[in-house]
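Reading through the structure tokens given below for one structure.
The values are calculated or read from the model by the stated rules, or taken from the named source; none is laboratory data. What you see is a predicted model, and the numbers here were worked out from it, not measured in a lab. Glycine also receives a Cβ, built like all others from the backbone with ideal geometry; neighbour counts cover every protein chain displayed. Note: areas computed on protein heavy atoms with side chains; ligands, DNA, RNA excluded. Shrake-Rupley method; radii C 1.70, N 1.55, O 1.52, S 1.80 Å.
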Amino acid sequence: MIVLSVNAGSSSLKFQAYDMPEENVLISGVFERIGMKESFYTIKINGEKIKKEVELKNHESALEILMEELIDNQIVESLDEIKAIGHRIAQGGPYFDKTEEMTEENIKKVRELSALAPLHNPAAIKGIKAAKAVVPNALQAGAFDTAFHQTIEEENYLYPVPYEWCEKYNVRKYGFHGTSHKYVAYRMNEILGRYNTKLITCHIGNGASISAIKEGICINTSMGLTPNSGLMMGSRCGDMDPTVVTYMTKQLECTAEEMDEILNKQSGLLGISGISSDSRDIEDGMKIGNPRCNLAQKMFTNRIIDYIAKYYVELGGCDAIVFTAGIGENSIHTRREVIDGLAALGVKIDEEANECRGVERLITTEDSAIPCYIIPTNEELMIARDTYMLYQEKEKEKELIENEII
Ligand code: AMP
């Protein structure tokens with residue numbers, strides 16, 4: 001059965017088609033510059049990458065072209081073979097703790113939450129609406145970045161601000177990257193061969209977050225109301241004294257929106273190094289002795305170490321630490337600095353094993369008190385799995401109704 005995994009941005013749409021339950025990727029790609037001049041798309045099929053320039057008026061035209069590609073490449077004979085489409089949605093607020101069908105009522109909730117994710121939720125809605133128009137018979141599912149973190153207890157998700165802020169304005173920690181944390185935690189448990197585990201999963205990419213996971217359930221995570229909290233990131237500041245915001249808004253005589261832009265796009269590695277938000281550029285800067293790159297990297301890794309130590313205590317120990325996402329999977333240097341920073345917990349790096357990028361591997365020594373693993377993340381696959389499961393549940397429900405059992 002074919003399941004599509006879709007990640008719609010405001011002017012882009014990434015996709016992957018899976019044959020489920022085998023989990024084979026049939027085709028993948030991305031549409032870019034949707035609604036703009038010089039729009040194009042790239043597809044990857046049978047190991048070959050093809051780029052085509054076409055006019056992409058909107059998300060619907062992108063999906064129409066995708067359907068043509070699926071038929072032309074004989075992935076499907078008819079669109080009815082696409083049984084379900086899973087859409088990545090950033091903010092599910094308090095409403096969604098798992099992947100759900102995107103009914104009109106649920107789309108309304110996603111729209112309502114746009115105030116908390118102004119760039120992401122409206123884009124996801126565009127993708128869902130386009131998919132409904134182009135493949136009306138498929139189940140449309142929403143997979144939320146926040147859903148996996150809905151198990152966090154009130155004492156960990158509330159901020160110490162007036163209690164009504166949460167009740168009236170939904171101000172609380174939601175967490176993000178949930179699909180990635182869930183995927184790597186599941187895989188880590190498979191490797192360990194048991195599920196009664198205490199894990200610390202580090203999704204360290206341009207955006208970065210760390211989660212504490214007990215027996216597959218998330219008990220805490222570093223991102224909050226928005227993806228700009230917790231760790232220092234590529235261009236986001238993460239945790240700091242909130243008074244910096246009010247003080248600097250006055251000093252710079254800027255608006256709240258301008259301040260938000262600075263804290264999201266001009267801070268983090270970029271803000272401190274003054275060079276780049278990309279960790280590869282920071283590493284290059286360090287090689288030529290740039291002191292601001294050294295400082296940025298030190299601040300970056302210190303915060304990762306702080307969160308791991310905090311979650312180690314919260315979990316009451318830890319069976320494994322997982323590194324994933326762009327930096328976690330690829331930066332030998334960052335992993336080494338983080339693991340060296342955990343020496344007090346008895347964690348010991350295996351230098352030779354750590355000399356790798358993008359592969360699943362144990363990177364600590366046999367006598368390390370906690371094993372550390374690299375597990376490449378696969379959010380698209382996780383979305384496809386959840387969507388496939390939801391489809392099966394819905395089919396079972398239909399069958400029971402048809403047989404008048406419920
Ligand atoms: P992501 O947001 O998960 O796509 O991760 C993007 C981040 O991964 C960027 O900061 C990249 O610099 C970083 N990254 C990718 N490849 C490497 C590499 N070989 N070494 C260090 N950082 C890398």
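With springs only between Cα atoms under 10 Å, which of Ile75, Ile288, Ile65 fluctuates most in a Gaussian network model of the chain?
Greatest mean-square fluctuation among the candidates belongs to Ile288.
Could you work out Rg/(2.2 N^0.38 Å) for the chain, with Rg from alpha carbons only? Kindly include the intermediate steps, with their values, before the conclusion.
On the way: Rg = 21.9 Å, N = 406, 2.2 N^0.38 = 21.6 Å.
Compared with the compact-globule rule of thumb, the chain sits at 1.02.
Each residue of region 324-331 in turn: what ³J(HN,Hα) in whole Hz from Karplus with 6.51, -1.76, 1.60 and θ = phi - 60°, glycine and Pro shown as x?
Going residue by residue, I get 8, 6, x, 7, x, 7, 10, 8 Hz, with x marking Gly and Pro.
Let me cross-check Thr201: its accessible surface, 1.4 Å probe, with only protein heavy atoms counted, in Å² to the nearest 10?
0 Å²
Most fluctuating residue of Glu257, Glu38, Glu68 in a GNM of the chain with Cα springs under 10 Å: which is it?
So, out of Glu257, Glu38, Glu68, the one fluctuating most is Glu257.
Give the separation of the Cα centroids, region 327-364 to region 227-256, in Å.
Result: 30 Å between the Cα centres.
Quickly estimate the mean residue ellipticity at 222 nm for the chain, helices only: each DSSP H run with n ≥ 4 gives -39500 (n - 2.57), and the total goes over all residues, rounded to 500.
That calculation yields -12500 deg cm²/dmol at 222 nm.
Could you tell me the accessible area of Lys14 in Å² (1.4 Å probe, neighbours in place), rounded to the nearest ten?
Near enough 110 Å² of accessible area.
With a 10 Å radius around each residue's Cβ, average the other Cβ atoms per peptide and rank 338-346, 186-194, highest first.
In decreasing order of mean packing, 338-346, 186-194 become 338-346, 186-194.
Counting other Cβ atoms within 10 Å, keep those with at most 11, restrict to DSSP loop, and tell me which trypsin sites (Lys or Arg not before Pro) in region 352-398 are left. Write down the numbers at each step before the final one.
Values: sites: Arg357, Arg361, Arg385, Lys394, Lys396, Lys398; in loops: Arg357.
Those that pass, being in a loop and sparsely packed, are Arg357.
Under the rule of at least 5 residues apart or a separate chain, name every residue whose amide H is placed under 5 Å from the amide H of Leu139.
The list, which skips near neighbours in sequence, is Ala84, Ile85.
Ignoring ligands and nucleic acids, what accessible area does Glu155 show with a 1.4 Å probe (Å², nearest 10)?
The accessible area comes out at roughly 150 Å².
What number comes out for the charge environment of Met223, summing +1 per Lys or Arg and -1 per Asp or Glu over other residues with Cβ under 13 Å away? Intermediate results must be reported in sequence, preceding the final value.
On the way: positive: Arg172, Lys173, Arg236, Arg303; negative: Asp145, Asp239.
Once all neighbours under 13 Å are counted, the net charge is +2.
How much net charge surrounds Lys51 when only other residues with a Cβ under 13 Å from its Cβ are counted (Lys, Arg +1; Asp, Glu -1)? Display every interim value, and only then the final one.
Details: positive: Arg33, Lys44, Lys49, Lys52; negative: Glu32, Glu38, Glu48, Glu53, Glu69.
Value of the local net charge: -1.
List the aspartates and glutamates whose Cα sits under 12 Å from the Cα of Lys129, skipping any in the same chain fewer than 8 residues away.
Straight-line reach from Lys129, under 12 Å: Glu60, Glu104.
Under a point spin-label approximation (7 Å from Cα along Cα-to-Cβ), what is the Asn73-Glu23 distance to one decimal in nm?
Calculated label separation equals 2.1 nm.
When the chain is modelled as a GNM with alpha-carbon springs shorter than 10 Å, which of Cys356, Cys202, Cys218 fluctuates the most?
Judging by the Gaussian network model, the answer is Cys356.
Using amide H atoms built in the peptide plane, which far-off residues or other-chain residues are under 5 Å from Asn58 H to H?
Gly35
Which value, in Å², gives the accessible area per residue of region 80-130 when a 1.4 Å probe is used on the protein heavy atoms?
Accessible area per residue, region 80-130: 45 Å².
Mind giving me the nanometre distance, one decimal, between the label points for Glu402 and Ile288, set 7 Å out from Cα along Cα→Cβ?
The modelled label-to-label distance comes out at 6.7 nm.
Excluding ligands, DNA and RNA, what is the solvent-accessible area per residue of region 146-263 at a probe of 1.4 Å, expressed in Å²?
Per residue, region 146-263 has an accessible area of 48 Å².
Please work out how much length the chain gains when fully extended from Lys98 to Glu190, using 0.36 nm per residue of separation minus the C-alpha to C-alpha distance, in nm with one decimal.
My answer for the length gained is 31.0 nm.
Put a dot 7 Å past each Cα toward the Cβ at Glu215 and Arg336; how far apart are the dots in nm?
4.0 nm
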